[in-house]
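Below is one structure, written out as structure tokens, with a few remarks after it.
Each value in this text was obtained by applying a stated rule to the coordinates, not by laboratory testing. Since we're looking at a predicted model, the values are computed, not measured. Backbone-built Cβ (ideal geometry, glycine too); neighbour counts: all protein chains shown.
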Amino acid sequence: MEETVQDFTGTVDGKGYKASMDDPAKLPMALIPTAILRGIAAALGYGAKKYAPNNWRRGMKYSEVYSALQRHLVAWQDGEELDGESGLSHLDHAACCLAFLREYTATPTLYAAFDDRYRREMVRVVHPADRGSKFCDAPGCNVLVPRPQAYCFTHAKKVLAEIDAARASAR
């Protein structure tokens, strides 16, 4: 039996769904400037045609993405508005690079192997703000990692390689 939905017949007073819409836990998406969304979408569309849709999700070395980000920002700073290859704004390409890095760092379990950032030697002191973190499980490593992550990105690459090798030899 087909269900029918009754049309609204009340007063238009701006109070519809108000209680559920004002939830402070919901992100204020309307505050994001639409130019950045359109620009990122245009740059992603260009990349999808040049490489493949969502190709960036396969992962890239952080240093390669950071270098591309800096090249676009420097070109823009030097007065070049549009990328010579795509014809799109250098700022839109830079925003894409920044979005990639943000996604990679937000999901370290997927992209840890690509983190090739330089890190200075660290002293094993935990700042009060990092109390939920711990040091890498690799012997002698001084890199602080968020819980429940066990290894820093450098050692995670080695651990993942060992797991892959073990799986390959088990076949």
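Table for the structure above
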read-out: Dipole magnitude of region 33-111, debye to nearest 20 (Cβ charges: Lys/Arg +1, Asp/Glu -1, about Cα centre); value: 420 debye
read-out: Tensor-based shape of region 33-111 (alpha-carbon gyration tensor, a/c under 1.5 rounded, otherwise prolate or oblate); value: prolate
read-out: Nitroxide proxy distance, nm - points 7 Å out along Cα→Cβ at residue 167 and residue 73; value: 3.5 nm
read-out: Hz values of 3J(HN,Hα) by residue in region 34-43 - Karplus curve (6.51, -1.76, 1.60), Gly and Pro given as x; value: 5, 4, 5, 5, 5, x, 5, 4, 5, 5
read-out: Contour excess over end-to-end distance, with Cα ends at residue 57 and residue 38 and 0.36 nm allotted per residue; value: 4.9 nm
read-out: Packing rank of 28-39, 43-54, where each peptide gets the mean count of other beta carbons within 10 Å, highest leading; value: 43-54, 28-39
